[in-house]
1. Can you pull out every residue in the range 183-207 that is closer than 19 Å to residue 229 by Cβ, in contact (Cβ under 8 Å) with a residue 40 or more places away in the chain and surrounded by 17 or more Cβ atoms within 10 Å (Cβ to Cβ)?
2. Quick one: what pairs do we get from the range 160-175, first residue more than 26 Å from residue 250 (Cβ to Cβ), second assigned to a loop (DSSP other than H, G, I, E, B) and near ligand 2 (Cβ under 9 Å from one of its atoms), C-beta under 8 Å, 6+ apart or different chains?
3. Looking only at helices (runs of 4 or more DSSP H) that lie completely in the range 43-95, which have at least 3 residues being touching a strand residue (DSSP E or B) at 6+ places or on another chain (Cβ under 8 Å) and crowded, with 17+ Cβ neighbours inside 10 Å?
4. Of the residues that sit in the range 261-279 and are modelled with pLDDT of 90 or more and buried (at least 17 other Cβ atoms within 10 Å of the Cβ), which one is nearest to the chain's Cα centre (by Cα)?
5. Does residue 210 satisfy the criteria of being within 12 Å of ligand 1 (Cβ to nearest atom) and in contact with a helix residue (DSSP H, G or I) (Cβ under 6 Å, 6 or more places away or on another chain)?
6. Listed residues 372, 349, 326; which is surrounded by 20 or more Cβ atoms within 10 Å (Cβ to Cβ) and within 21 Å of the chain's Cα centre (by Cα)?
7. Here are some conditions: (1) under 34 Å from the mean Cα position of the chain (by Cα); (2) more than 17 Å from residue 157 (Cβ to Cβ); (3) in a helix (DSSP H, G or I). Residue 221 meets all but one. Which one does it not meet?
8. Among the residues of the range 146-169, is there at least one that is near ligand 1 (Cβ under 10 Å from one of its atoms), in contact with a helix residue (DSSP H, G or I) (Cβ under 8 Å, 6 or more places away or on another chain), within 24 Å of residue 72 (Cβ to Cβ) and modelled with pLDDT under 90?
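The values are calculated or read from the model by the stated rules, or taken from the named source; none is laboratory data. A quick note: this is a predicted structure, and the numbers were derived from the prediction, not measured. Every residue, glycine as well, gets a Cβ built from its backbone with ideal geometry; the counts of neighbours run over all protein chains shown.
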Ligand SMILES: Nc1nc2c(ncn2[C@@H]2O[C@H](COP(=O)(O)OP(=O)(O)O)[C@@H](O)[C@H]2O)c(=O)[nH]1
Ligand SMILES: [Mg+2]
């Protein structure tokens, strides 16, 4: 038994922790005994929620506890650990202080108008607001990388039969996961495998070759391929570099033209430059699943496609909730700046500034409604 005395426990309350040998029978027995003696089972995330309500951690840190438990790659775990350590809150702290200062300045001008307190000049208000914007915008932009580190992405590998989709898939997952044969139409069902590309979780989907299906099983496989193609965030179109494009491939390239897509001209070991099919403005690179040529470059290109070139940084926004809070802060500050330009009374500008502060505070949980709090903590596992 370990005793954590208030206020130095995880939740801030008096906490007794029982550690036991891992046998499920022993644990079950201990749990039953504790329940018989008046204990009750914790709700999902209840300990973390109590820690949050006691002010031990803020909301971004609480969310990071869940993210750390659910982390599947080392990068995800590191990102969650850094957020748990307060990286995001530390980034938001100075912006909040600057905003509170500006609010205090305007409030003072209104409250003590008769006592000769100088009314803040419009130019000073404009300067203070515009000083806040760049870092808020950087923070908003960090969501591009933060979201994919957090959520991962799906990449569908598509193309006609026998071009080497399964071979490339196996190269990327670094084992013989999908069946490769010289007979077209071998892959009948989608095969998925999770890999980590520079820490970014990527779900690869190998699909059945797209063509007019010969029999029912293959037709079903092709229907699934089309679904996988529609659902995936990223698409890898595989072509055979030794053969001209056919109708199906022209249609496919047209379909992915406006999507994040890459084209692998596979079997480059067999291809002569003259035989390389003509591309239609889609980025392509030569690969050989047989020799491994171009596979490293393919990984890099997939990574660049996934991240859009956004680099990793401390205190990234990782959830839509974070992103919405920052977008709302930016919108309210933009309104405040606009009102200030139009020489609107300070009472009105303050309304916008308070709205910005509220949005910023919702990120760390100071002004988050109970409904949203309950929603967040319900996604935790029990006993955390
Ligand atoms: N020479 C050569 N053969 C390849 C290459 N990639 C795949 N193949 C062969 O092409 C055939 C079809 O490959 P597979 O991966 O099953 O194609 P899929 O139908 O598109 O999944 C197999 O015999 C592979 O060994 C490559 O880069 N070079
Ligand atoms: Mg295949």
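1. Within the range 183-207, 202, 204, 205, 206, 207 qualify.
2. If the second residue must be assigned to a loop (DSSP other than H, G, I, E, B) and near ligand 2 (Cβ under 9 Å from one of its atoms), the pairs left are 170/178; 170/180.
3. Qualifying helices (runs of 4 or more DSSP H): none found.
4. 261
5. yes
6. After applying the criteria, what remains is 326.
7. With (1) under 34 Å from the mean Cα position of the chain (by Cα); (2) more than 17 Å from residue 157 (Cβ to Cβ); (3) in a helix (DSSP H, G or I) applied to residue 221, the lone miss is (2).
8. No, every residue in the range 146-169 fails to be near ligand 1 (Cβ under 10 Å from one of its atoms), in contact with a helix residue (DSSP H, G or I) (Cβ under 8 Å, 6 or more places away or on another chain), within 24 Å of residue 72 (Cβ to Cβ) and modelled with pLDDT under 90.
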